[in-house]
C-alpha cells in the first residue's frame, strides 16, 4: 500500500502538470499523511537540509564554467583544433563533433551546454558541406551526452550526494566509459557515412595544426588540471569546480580577451537560474528520500527482488530497463533523485559495487536525455539548430542504439568499467 501511495502521488501530480520539484514535495507529504505523521516543520527542515551540502557547491561553479567556456571562445577553439586533425577525411565534421564533445565534456559537465555549443558551431558547417541535417543533429545530440559521464560531471555530484558514494571515485570511474561512448559513436558514424557523397574540407597543413593546437592549449589544459588534481588529492570535486570556473574566467578575459566584463552579469545570471532549478529539485527530493527511508520502502523492494539478488548481472539488467523506461519521460536530475534512495539498498544487498552502479546509472540517465518524448538535449539541438524535433529524433536513433549496445556490454562485463576505474582512483 505504501508503494502505491508513493507512486500514485508522484505520478498523479506529474500527470496533472505539476512541476517535478513540487510533485516530489507532494509525494513526501502524501506519505507523511498516510503514515499519520504529517508535520509541516519536518517538511521544511528536510527541504533546507536537502540543499545544505558541501559537495552540491560544485553545481553552480561547474554551471558557471560551462557558460564562460561557451562565451569566452574555449569551445570554438576546441572545435577548430579537432577540425584541423580530422576535418579532411570523409565525414570529417562528424568526427570533429565527437572529438570536440569529449574534450568539452571535461570542461563543463553539462550535456545541455555542450549540445548548444556544438549545434551552434558545427551544425551550419555540416549543412553547408552537404551532410544530412537530421543525421548530423542526431550525432551532435548523442555526442553531447558524454558530458555527464566524463569528469567534471554535475550528474555524478548529485548522485554522490544522494547515494553517499565518493564523488571523486565516480569522477575517475567515468573517464573510460565516456571515451568508450565516443568510440561507439565514431564507429557508428563511420558505418553511416561510407556510402554518402559528402564534401570534405581541405587537409590542414602541419603548420595550421600546430597553430590550432597552440590556440587551444589553454582550453585543453583545464581537463588535465581537474583530473590530475582529483587523482592526486590536490583538491576535492567541489574545489575542482571552483578551479574550473576561475580558470575559464581568467583564460576567457585575460588570455583570449573574448569575454568582456559587461557580459559577466548575464553569464552569472544564467548559471544561477539553472543552478536554482537543480538545487530546488535536490531539496524537494530529500523530503521524499527521507519518507522513503522512514516508510522502509527499500526493504519492501529488496523482498520483491530477492529472486534476482543472487544474479547481479540479471538484477542490473532489470534495473537498467527500468531506468530506460523512466528516462523516456523524466529528465536526468529528477530520475537520479527519485530512484537513487530506492535502488541503492537493493544494489548493496546484491553485492554490486556502488561506484560501478553509479557509472551505469549515469550512462543510462544520460541516454535518457536523447530519448523522446522529453529528450532535453534533443530539444536544445532542435532549437539552436533550427531543425524540426521529429527530424532530430529520426537522426539520433542509430547513435542511441549504439550507446544502448555499449551499456549492455558493460552490464555483461563489469570489468569494462571497473578495471580502468580502479587504476584511475588507486
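Summary of computed values
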quantity: Degrees, to the nearest 10: 415-425 long Cα axis against longest axis of the chain; calculated: 80
quantity: Amide N proximity, the range 61-87 versus residue 205 label position 7 Å along Cα-to-Cβ, cut-off under 16 Å; calculated: 84-85
quantity: FRET efficiency, residue 305 to residue 261 (Cβ-Cβ, R0 51 Å, nearest 0.05); calculated: 0.35
quantity: Inter-site label distance for residue 90 and residue 191 at 7 Å from Cα along Cβ, in nm; calculated: 1.7
quantity: Principal-axis tilt of helix 376-385 within the chain, Cα atoms, nearest 10 degrees; calculated: 30
quantity: Using alpha-carbon coordinates, inclination of helix 58-71 to the longest axis of the chain, degrees; calculated: 20
quantity: Computed [θ] at 222 nm, helices only, for the chain once each DSSP H run of length n ≥ 4 contributes -39500 (n - 2.57); calculated: -25000 deg cm²/dmol
quantity: Fraction in percent of alpha-carbon pairs per bin - 20 Å, the chain; calculated: 26, 58, 15, 1
quantity: Within a Gaussian network of the chain (alpha carbon springs, distance under 10 Å), most fluctuating of 251, 363, 42; calculated: 42
quantity: Extended-chain gain in nm, criterion 0.36 nm per residue less alpha-carbon gap, residue 221 and residue 179; calculated: 13.4 nm
quantity: Equivalent-ellipsoid semi-axes of the range 35-161, from the Cα gyration tensor, Å, largest first; calculated: 38, 15, 11
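Where a number appears in this text, it was derived from the coordinates with a stated rule and is not lab data. Given the structure is predicted, the values throughout are model-derived calculations rather than measurements. Here the Cβ is made from the backbone with ideal geometry for all residues, glycine too, and neighbour counts use every protein chain on show.
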